[in-house]
Each structure stands twice: as C-alpha cells, then as structure tokens.
Amino acid sequence: MSETIFKVNEKEYILPGNRACQGCGLSLAYRYILKALRENTIVGIPPSCLCVLHGLYPTTSVTVPALNTTFAGNAASAAGMAAGLRALNKTDITVLALSGDGGTYDIGIQSLSGAAERNTDFIFACYDNEAYMNTGTQRSGATPLGALTSTTPILTKQDPKKDFLKIMEAHHIPYLATVSPAYPIDLYDKFVKAKKIRGTRYIQIDTPCPPGWGYPTKDTVRIGQLAVETGLFILFEIEDGRFRFTGRSKTMAERGGKLLPLVGYVERQSRFRKMSMEQLGTLQAWVNGRWEECLKRAEG
Amino acid sequence: MSDVRIIMGNEAAALAVKLARPGVIAAYPITPQTKLAEILSEYVEAGELKAEYVRVESEHSSLTVCIAASTVGARVFTATSSNGLLYMHEQLHWAAGSRLPVVMCCVNRGVGAPWSIFNDQQDSFSQRDTGWIQIYCRDNQEILDTVLQAYRIAEEVYLPVMVCYDGFVLSHTMMPVDVPDEELVRKFLPPYRPPDPLSPDRPVTINPVFFPSRRENAEGVLCDGYMEMRWKMQNALERSGETIRKASDEWAKLSGRDHGGMLWEYRTADADLLLTGMGSIATEATLAADALRAEGIRAGVVGIRVFRPFPGKEAVRAFAKARAVAVFEKCISYGYEGGVSSDLKAAFYGTGITAPIHDYIAGLGGRDVKTRELVEAGRATVAAVEAGDRENKLIWLNCRTE
Ligand SMILES: Cc1ncc(C[n+]2csc(CCOP(=O)(O)OP(=O)(O)O)c2C)c(N)n1
Ligand code: SF4
Ligand SMILES: [Mg+2]
C-alpha cells in the first residue's frame, strides 16, 4: 500500500492537452487510474465525456489502448475483450470498462448486471458526474434530488439518486469500492488492489464537474472533499463481503463520526440553487441514515 | 472419407462452427435459433470445442461481446433470430463499421408485432443496410458449407457475414448432410491471424469521434474523415463478390459441393418464365419449375444466394432472356414492395430487360407455401403476360386481402 504521494507511479499515461473541460474531475481521476493500472491495460469507452477526452481521430492524448463502443454496451464490450484475450491466452492484461453514470446506472445497467452476475474478469468503473454531461447536463438516474439539469430545468429533480452501490453489492462480486479524485492516494491504492483481484471489480468514482454542477473550475478538489466530509459520498471498500471505511471517511468514522452539514456542499453549486428546504432536509436525512448504517457495518 | 449424417439445420450450423474453431462464442436463446446456442454450449462443456462461451443477458450484448473479442484478435461466432436480431441493430452497424470478421447465423423468423415464432425473412431483410454480407441457404448442407465459407470471406474482406437460413423449414428439419473432416476444413480455413489486434503493443483508440472533414495526424499526414471510412466499407462490399465467388469455387473443388457463388440457376437456359427468391422458397421453386414444364411452360429458377452485396450484374445476365419474372419473397419493405423485387428492377433498369415482374409476398409468419401455390402463381404470371398485360404487380400469395 502506498500511503504517500511519493510511491505513486510517476509515469503519465494521459499526455498534456486533452479535450475535457478545465477542472474536470474525470480527467483527474483517469490520470491516477491509469497510473495505478499501468500500460498493460485496455480501456473500454462508451459515448460520454470520456470519449471526448480521448480526442478526435486521428489524435489522442491517451497512451493506453482503448475501444469505443455503444452507450449500452460498455460492460459487454469489456467482457468480450476479456473473453477474447483469454481465448488467445493473453492473461496478463487488465480490462477496464470506464463509463459515466448514464452508461452505468441507466442505459448500461443491463449489460453491467449481466457481466457482474457472470463474474466477468474485469474492472468496471463508473465515473459519476451525476448527469448526462456529454449531451449537456440532462438528468440521469444518478442526479441527486433537488438538482437543476437541462431536463429538470425549472422544478429540479424530484426523485432521489438511485442507490447503485447497493445494486452492485447485491451481485456479490469480489471487490467493490468508492473513490474520489479529491483523495488521489486512496483512489490509486484501490485501483492497484483491484488490478490484482480476479473476477468483477466495481469501483464508483465521484467526479465533480464544474460546468455541470456550477462551481468555479478551481474548486473541483474542494467540492470532492466536501462530498466526503458531509458524508454524501463515503469512501469505503467491500472485499469478499467485508465492509471497510478507507481514507478520509475512515478518519472521520474513527474521530467520533461527525459530518459537516450538507448545506455547505449544496450552497457552493448553482445546480442546487432552486433546492427547497424540504429537499435539503430529505437529502440530509438520507445522508445521516446511510452514515449510521455504515458506522454499524464497520463495527460489526 | 465421407461422413453423412441426417441432421437438422441448427446442428449443421453448429457442426460448421465447431469445425471453424472460434475462440469466442456469445449467444442468447430465441426460437428457432435456440438449439444452435444449446448444441454449441454442449460442445464447449464437453471439451469438444475449446472456446470461451459467454452466456450473455441479451442479443445486444452477444454481438457486443463478439465485436470486442474480434477486436482483440479472436475468431468469433453468434447466432440469433427475429426480435433478437432487431435488438442487435445498433451493434450490427457497429460490427460492420468496425470492419470486423464477425460471423453470425440468422435463423430466419417473422418479427413482432404481433408475435410469430414462425419463418419469414423480415428479420434479416430489415437489417439489409447495416453493411453486413448476407447469404441465404437453401438446405442444411448449404448451411454447413456456407458457415465455413463465411469465415473465409469475412477474414479476407474484413466485413461481417450473416448466414441466413429459414427457421423450422431448415433449422428443425432433418436432411442428409455430409460433414467434412477437420483436415479438409483446415486446408480451406486456416486459423485466424488478425493483422493488427488491439493490444498494449499497439496502443490506439479505436472508433473515436470522427469529424466530417479529413484531419491531420501528429505527423501532419491527412487522415480519413467519416465519409472516407464509409466509402471504404461500401467499396469493400462491392468488391467482396469476387471473394464470395472464389470461396465458393474453392470449397467446391475441395468438397465437391457447389452451392453457387452469388446466385444459382436451375433449368434457365431456355426458360421463358423465371422464378426467383432467397433460401428454401427458391428450392421449392425448382419443384414448381419442374411442374410448370410438365404443363408446357418453360420455367426455370434463379436463386439469389447473396443479397448483400446484391449480385446485380449476374442477375442481368441470368434474367436477360426471361419473358416473365415471378419473385417469391418472405419479406417486404412496407409501403412499397418486396426487397428482392426492388433490387432486381434497379439492376434491370436501362439494360433492355423488360419482362414484367410479379412480386409475390409469400409465407409471412410461417404461412405454408406449397409447391402447388408457386405453380399456380407461375401460371397466372405467364397468362397475364401472354394476354398482353405488361404491368408489374405486387401480390400477397395465399392471403385473404379484401
Ligand atoms: C443509444 C444512445 N442513446 C443516446 C446517446 C446520446 N448520448 C451520448 S453520451 C450521453 C450521455 C452520457 O452520460 P454519462 O454516461 O453520464 O457520461 P457523461 O457524458 O456524463 O460523461 C448520451 C445521452 C447515444 N450515444 N447512444
Ligand atoms: S462536462 Fe464535466 S465531466 Fe465532462 S469534460 Fe467537462 S468537466 Fe469533465
Ligand atoms: Mg454523467
């Protein structure tokens, strides 16, 4: 386990100058994911901001091989690569399917569930920017309650975010983890660990998005930290069914389990500018409840 | 050494797949393809076929798995029918656009709504424009031989090939099939050696966003835009006819069985009336031609074996002397006419072929098509033309239409 930044692989796999926005949480996360997985990796890409990040033919800023596929198909495509590589006896290559929340929670859920149920030997990572960003911030199943999107433009999203981690946990896969680019060492370590495990590994990444969430580009890391410090996003891993807090969430749990109030997170993002007090209360109650649940789980 | 077995079409296809030795198979069950998916899983579990069998949760995924496995360099196989093929639509385009040698069997069945599990060819017909080569088989022997040819063709021209055969009529009907030995197949179909599989040795991003115009790469070389890529696909399809014919000829030399390259002819030399169609209905048309000849009508059959690329030039040659044409087809472009009929008319335009074409839509949703009905249709076509009626017609055969 590398506990300090000095142990992180120094090699860069994303060359300077990609097509993502300034301050993109995905860019940050992707940089550390590839450092952890290293060159013997093939990435599966659905239509999304990741596809845009990779660039327009014939140039790309990413130095690992990658295969674009259709929106619903990234898990199946990665499963196909895994099967093909096994058929060819190339067993030392890590297959990573990296999808947005739309490509995971919504249109991609079927092929992901199928692949996870078959315990496909791959890492499926969902970078969750909580909306369809590539097409201009439409609502997804991952959009939180009370957020404005271009398809909930006046009333805000009326439904809570889908609890996708529970859905993935119900597949009883060997490894499940959450990470945030605001905590790159935790992210790095988890991908290093995931690389060594066989079978389906699911990792969810909280990726703040300046234009979609409505905050200044310099604040990506701060927003990511606040998500964790308010308990909205909890850093943990579940390995063979055993739950464990990690990183910042672990320290928080160990030091009395206090959460920062959600309002400090919400008020910094213009997507929540129409959020009602009632919605904020509902969200806060959900956060508190889940935090309690996790604290209990970590004990027992 | 000949090994003749009495088997169903689905088993003939499965035996061919086993002989072709794909590295990855992915399939999802649907009537009437199901048995094919089952037999293959049995081969794999029994250790008779060393392949990764991915038991996917849908047809969209079965083809996606094949596309990705093919991208990293494996020979692949999938099969489906009807709504399963429709569910693959997005991936059908993706496979062809990716220029991958995916081979698939489409066990032809009508599409919903309303539901029908029975045979027609609306499923594969409605995927005509996806960039796949489509070959229609007449009998179970042709299914086995065509699957082997399909791999030869696909791996030479880098286009996916759909081997189509009629559900139940062939898939579930026993016929004698000569099963070639492995050595003979190896001569015809060597193991797949992909020229540039995706791997960490060759770190590229495949199928990223293309812009309308051509763009320079890092070395300043102007590279293809979207339209150039698409033109290359069209060009490859146009030229694939040569490869299809060559594969058919070579297999004929090795096995002694010639199913025709792009199309086949039966008693056409002196024929006034030409019957035509794809798949088993064309076989049935040969019986009808015999019966019509017994009545004094000089009838013959041109069977369309390859629907895409469409054998326009061969068709012009084959139909040049016909005085009347009856097309029997199990599919229709709703709001216009049957697809074979449209293509033939387009091929004939400006060539001097003026024979009236009667387009008989037949056997939709498994409605029985008897030889007797084809004979009656042929007779009616000849009678109309002889009475001076030069109109083309669209006729729903054996269907109450008032
Ligand atoms: C079948 C299909 N439907 C819709 C689209 C349009 N589309 C492209 S990307 C996208 C949204 C992607 O959202 P997400 O997965 O969350 O990734 P993000 O763009 O946020 O990174 C949509 C709707 C598509 N490409 N394919
Ligand atoms: S829209 Fe958001 S996720 Fe997409 S590239 Fe920009 S910052 Fe990144
Ligand atoms: Mg998103």
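The values are calculated or read from the model by the stated rules, or taken from the named source; none is laboratory data. These figures come from a predicted structure and were not determined experimentally. Neighbour counts are summed over all protein chains in view; Cβ atoms, including those assigned to glycine, are modelled from backbone coordinates with ideal geometry. Ligands, DNA and RNA are stripped out before the accessible areas are found, and what is left, the full protein with its side chains, is counted by its heavy atoms. Shrake-Rupley method; radii C 1.70, N 1.55, O 1.52, S 1.80 Å.
Relative to the dominant Cα principal axis of chain B, helix B:9-20 is inclined by about 40°.
Shown here for the stretch B:190-260: GluC sites (Glu not before Pro) in loop regions (DSSP other than H, G, I, E, B) with at most 15 other Cβ atoms within 10 Å, namely B:E219. Distances between placed amide hydrogens fall under 5 Å for B:L275 paired with B:G300, B:V301, B:V302, B:A326, all partners being 5 or more residues away or on another chain.
The P(r) of chain B has a tail past 28 Å containing 46 percent of all C-alpha pairs.
What is the sum of charges around A:R242, taking Lys and Arg as +1, Asp and Glu as -1, for the other residues whose C-beta is under 15 Å from the C-beta of A:R242? Counting the neighbours of A:R242, the net charge comes to +2.
Annotation: amide H of B:C223 within the under-5 Å range of B:R215, B:E216, B:N217, sequence separation 5 or more or interchain, hydrogens built in the peptide plane.
The alpha carbon gyration tensor of the stretch B:60-177 gives principal lengths a ≥ b ≥ c with a/c of 1.5 or higher and a/b no greater than b/c, which makes the shape oblate.
Counting only DSSP beta bridges whose two residues both lie in the stretch A:25-299, roughly 25 percent are antiparallel. At a threshold of 50 Å², the residues of the stretch B:179-211 that become less accessible to a 1.4 Å probe in the full protein assembly than in their chain on its own are B:L198, B:P200, B:P203, B:T205, B:V209. Close amide H partners of A:F236, meaning residues 5 or more places away or on another chain with modelled amide H under 5 Å apart, are A:T178, A:T246. Buried surface for the B/A pair, taken as the accessible area of each chain alone minus that of the pair with a 1.4 Å probe, is close to 3200 Å² in total. A Stokes-Einstein calculation at 37 °C with viscosity 0.692 mPa s, built on the Kirkwood radius of the protein assembly as shown over Cα pairs, returns a diffusion coefficient of 119 µm²/s. Along chain B, counting only chymotrypsin sites (Phe, Trp or Tyr not before Pro) with a DSSP assignment other than H, G, I, E or B and at most 13 other Cβ atoms inside a 10 Å radius, the longest segment between sites is B:116-333. Contact order, relative form, for chain B: 15 percent (alpha carbon pairs under 8 Å, 6 or more residues apart, mean separation divided by residue count).
Our coupling estimate for the stretch B:301-315, obtained by passing each phi through the Karplus curve with A = 6.51, B = -1.76, C = 1.60 and θ = phi - 60°, is 10, 10, x, 7, 8, 10, 8, 9, x, 6, x, x, 5, 4, 5 Hz, Gly and Pro reported as x. Taking one equal scatterer on every alpha-carbon of chain A, how large is log10 of I(q)/I(0) by Debye at q = 0.09, 0.15 1/Å? Ignoring solvent entirely, the Cα scatterers give -0.40, -1.21. The fraction of all Cα pairs in the stretch B:263-396 landing in successive 10 Å bins from 0 to the largest distance is 13, 50, 34, 3, given as whole percents. Per-residue mean of foreign Cβ neighbours for A:34-43 is 2 (Cβ atoms of other chains, 10 Å radius).
Per residue, the solvent-accessible area of the stretch A:52-134 (1.4 Å probe, heavy atoms of protein chains only, all protein chains present) comes to 24 Å². Counting only DSSP beta bridges whose two residues both lie in chain B, roughly 25 percent are antiparallel. Charge dipole of the stretch B:1-58 (Cα centre as origin; +1 on each Lys and Arg Cβ, -1 on each Asp and Glu Cβ, all else neutral): 140 debye, rounded to the nearest 20. The DSSP beta bridges internal to the protein assembly as shown are antiparallel in roughly 25% of cases. Over the protein assembly as shown, dividing the summed -39,500 (n - 2.57) contributions of all DSSP H runs of at least 4 residues by the number of residues returns a 222 nm mean residue ellipticity of -11500 deg cm²/dmol. Against chain B, whose longest principal axis comes from its Cα atoms, helix B:226-255 is set at around 70 degrees. Highest mobility in the GNM of chain B, judged by mean-square fluctuation with C-alpha springs under 10 Å and restricted to B:G131, B:G73, B:G110, is found for B:G73. Which angle between 0 and 90 degrees, to the nearest 10, do you get for helix A:184-196 versus the longest principal axis of chain A when only C-alpha atoms count? Approximately 40 degrees, to the nearest ten.
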